[in-house]
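The structure under discussion appears below in the form of structure tokens.
The values are calculated or read from the model by the stated rules, or taken from the named source; none is laboratory data. Keep in mind the model is a prediction, meaning the values are calculated, not measured. As a convention, Cβ positions derive from the backbone with ideal geometry for all residues, glycine included, and neighbour counts pool all protein chains shown.
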Amino acid sequence: MTEVLVVDPDRAVRRSVGAALRDRGYGVEVVRQLSGVAGAVRRHRPDVVIIDPTSGGAEVVLRRLHGLTDAPIIVLAPSDDAWDKIAALDAGADDYVSKPFNVEEVLARLRVALRRSPIGADPGPPPIVTTSFTVDVDDRRWLGQDGVEVRLTPVEWRIVEILVRHPGRLVSHEELLRTVWGTDEAGKAHYLRVHMAAIRRKVEPDPAHPRHFVTVPGIGLRFEPEPELVRTPGAAAPH
């Protein structure tokens with residue numbers, strides 16, 4: 001499992017980034033203060049470090065961090081100043097994302113850092129192939145039965161990823177709301193209904209009677225990939 005160390009004084013950042021990483025199958029260690037970084041690196045040997053080093057002086061923190069680990073370092077910092085970015089990169093950061101940020105951008109930068117890293121990373125899950133579609137959540141590609149690519153919006157992909165990465169598992173409405181929108185307020189549940197209706201129109205053979213994205217009323221949603229029909233690409237079709 002690819003291990004990621006997240007270091008940030010902002011609780012909301014730790015929560016949103018940590019949740020997104022765990023949902024995608026990464027091992028995550030979260031640290032609030034810079035003083036805890038050395039111990040966390042020794043204990044968990046991260047493959048990537050995501051850090052806001054500004055409270056301790058970015059250049060000083062990054063140079064010390066490079067003395068502790070060879071893992072790629074992605075900086076999250078509340079500055080969009082070009083010179084701050086240059087200073088962080090010169091001090092050893094592999095990438096820099098300004099706050100406020102889109103968590104999907106952070107995850108994309110993480111994937112790039114892992115591909116470049118000599119440490120390497122665990123391969124992602126293989127594509128899921130059913131009689132209705134082929135979906136590769138790592139590459140964000142969804143092919144219909146006819147081989148034509150289905151276009152999902154970023155929010156639709158976010159929902160789909162959570163469900164597809166946990167086939168057969170019931171995911172509560174609260175968990176989906178919290179992970180996708182950062183809230184578990186029941187009043188936001190209509191967001192989920194609207195987006196799930198759009199997803200089903202695009203990917204379900206019969207959107208009115210979904211068989212892959214199943215709702216358990218009042219509780220949550222479950223992805224059913226039809227296990228008896230699932231096969232790896234290139235395998236012989238079932239008789």
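Computed values, structure above
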{"quantity": "Region 95-151, subset polar (S, T, N, Q) and either surrounded by 15 or more Cβ atoms within 10 Å (Cβ to Cβ) or in contact with a helix residue (DSSP H, G or I) (Cβ under 6 Å, 6 or more places away or on another chain) (or both), residue modelled with the lowest pLDDT", "calculated": "Ser117"}
{"quantity": "Any hit, region 35-48, residues being of a type outside the set (Ser, Thr, Tyr), surrounded by 15 or more Cβ atoms within 10 Å (Cβ to Cβ) and in contact (Cβ under 8 Å) with a residue 60 or more places away in the chain", "calculated": "yes"}
{"quantity": "Selection from region 133-170 of residues that are touching a strand residue (DSSP E or B) at 6+ places or on another chain (Cβ under 8 Å) and of a type in the set (Gly, Ala, Ser)", "calculated": "Gly144, Gly168"}
{"quantity": "Subset tally (residues that are closer than 12 Å to Lys202 by Cα and touching a Gly at 6+ places or on another chain (Cβ under 8 Å)) for region 133-165", "calculated": "2"}
{"quantity": "Verdict on Val17 being in contact with a Lys or Arg (Cβ under 6 Å, 6 or more places away or on another chain) and under 30 Å from Pro167 (Cα atoms)", "calculated": "no"}
{"quantity": "Selected residue [in contact (Cβ under 8 Å) with a residue 24 or more places away in the chain and more than 22 Å from Val103 (Cα to Cα)] from Val61, Val17", "calculated": "Val61"}
{"quantity": "Yes/no for Asp206 being at pLDDT below 90 and either within 27 Å of Pro100 (Cβ to Cβ) or outside the structural domain of Ala19 (by TED's automatic domain parsing) (or both)", "calculated": "no"}
{"quantity": "Test: residue in region 105-120 that is hydroxyl-bearing (Ser, Thr, Tyr), under 21 Å from Pro9 (Cα atoms) and either in contact (Cβ under 8 Å) with a residue 60 or more places away in the chain or part of a loop (DSSP other than H, G, I, E, B) (or both)", "calculated": "no"}
{"quantity": "Among the residues listed as Glu29, Glu3, Glu59, the single one being modelled with pLDDT under 85, surrounded by fewer than 21 Cβ atoms within 10 Å (Cβ to Cβ) and farther than 16 Å from Glu105 by Cβ", "calculated": "Glu59"}
